[in-house]
Every structure is written in structure tokens, then in C-alpha cells.
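The values are calculated or read from the model by the stated rules, or taken from the named source; none is laboratory data. Note that the structure is a prediction, hence the values are computed from the model and not measured. Quick reminder, even Gly has a Cβ in these numbers, built from the backbone with ideal geometry, and neighbours come from all protein chains shown. We work out accessible area using only protein heavy atoms, side chains counted, and drop any ligands, DNA or RNA first. Shrake-Rupley method; radii C 1.70, N 1.55, O 1.52, S 1.80 Å.
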Amino acid sequence: MKVQRIYRTTMQSFFVRSDYLFVLMGLIMFGVTMHAVFFARFSTPYPEIGRAVVFLLCLSSLAVPAMIVSVDLNHWPYSRGVVITSYPEVHQLEIELSDAVLVLKDGDISRIQVFHNNGKLQLGFAVFYLTSGDHFILPFKTEGMWVIQEYFKGLPVEYFDRLIPLIRIHPMESVI
């Protein structure tokens, strides 16, 4: 808060994170159970039932990895190339989005809406509404996103729980 900092969101900083260990574990479990479906011998009177149960287990092992990857692919266009620069001497932030550059100071943000999954694996995004009537969206994985709330404390924040927090934009909305 006292030194100028620059936060750049790159593909590596967005996708190479610890939550991808869940993706890796899910894919390994998928491989192991698929191997069991095709090559294991079930010694019950109805081996097809055992094979079907193991196949359902196999599909369920892809649930968390599919959620993580789908949310990240949905959020990546909103984080790609975002650069947040803090200017503590004038108490301003510069946010370079893909299609605009914003310079924010006290009073420029009217409110924040946070959409999240309310789980241990935090997935979500925030919508920042500007006093000019426009808004912009930043996913949780955007580097330096937390700086906005630190710089402008006391902003009204609304929280919304979503099982899978995907960003849905309506064509008629005004987005910076």
C-alpha cells in the first residue's frame, strides 16, 4: 500500500495453481477406474452390475475436475492480460482490461457484487460497478484483484452463492 506494485495476469499465473492437483487426481482416478471397467473380472453372479457401478464411479471422479476446468475456461477471457498498477502516492489504481484502461480513485466504484461457490476450493468472480454506470468483471484468479478492495475500503459488497460460478453476460449489458 506504500510502494507502487504491478500485478500481471498471465496464462501461467491463472492456470498453474494448486487447484489443478484436484484435476490431476481426478484424471488419475478416471484412468484407474476405466482400467477396472475394461480389464477387471467381477466374480458376482451379475458382473455387468459391478462393471456399471465402477463405470459410474469413474464418471463421478471427473465431476470436480470438470467444474474447475469449465469455470477457468469461462473466466479466462476476463482475466487475460489484465494488469493492475497501484499508485500509492495519489491513492489510485490503473486497471488495464482487454478493451479499456481504467484509472480508479476514491468514489469511482459504487458497489461490488461477488459470485462464489462458498466452498473450500474458492471459485468465483466479482463485478465492480462504477459511478459512471459501467461495470467490469474480474475473476478471483486475477493477479492483484484483492488490491481493489484494499485500496477502497468501505465499499458495499453483496455476496451470491453459486454452485458453479460461471460468468453470464447478456448482450444488452454495458460492460467496459
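VAL175 - would you say it is open to solvent by 10 Å² or more (accessible area, probe 1.4 Å), touching a Lys or Arg at 6+ places or on another chain (Cβ under 8 Å) and modelled with pLDDT under 95? No; evaluated as a whole, the condition is false for this residue. Candidates in the range 97-125 are the residues that are out of contact with any strand residue (DSSP E or B) (no Cβ under 9 Å at 6 or more places or on another chain) and among the small types (Gly, Ala, Ser); of these, the one that is modelled with the lowest pLDDT is GLY119.
Residue count for the range 84-102, restricted to those that are among the hydrophobic types (A, V, I, L, M, F, W, C), under 26 Å from the mean Cα position of the chain (by Cα) and more than 22 Å from VAL157 (Cβ to Cβ): 2.
Looking across PHE128, PHE136, PHE160, one residue alone is modelled with pLDDT of 90 or more and open to solvent by 30 Å² or more (accessible area, probe 1.4 Å). It is PHE160.
On the given criteria, is PHE30 out of contact with any Asp or Glu (no Cβ under 6 Å at 6 or more places or on another chain), crowded, with 16+ Cβ neighbours inside 10 Å, without any contact (Cβ under 8 Å) to a residue 40 or more places away in the chain and of a type in the set (Phe, Trp, Tyr)? Criteria met by PHE30. Taking the criterion of being at negative phi, surrounded by 12 or more Cβ atoms within 10 Å (Cβ to Cβ) and small (Gly, Ala, Ser), would at least one residue in the range 95-107 satisfy it? No, the conditions are met nowhere in the range 95-107.
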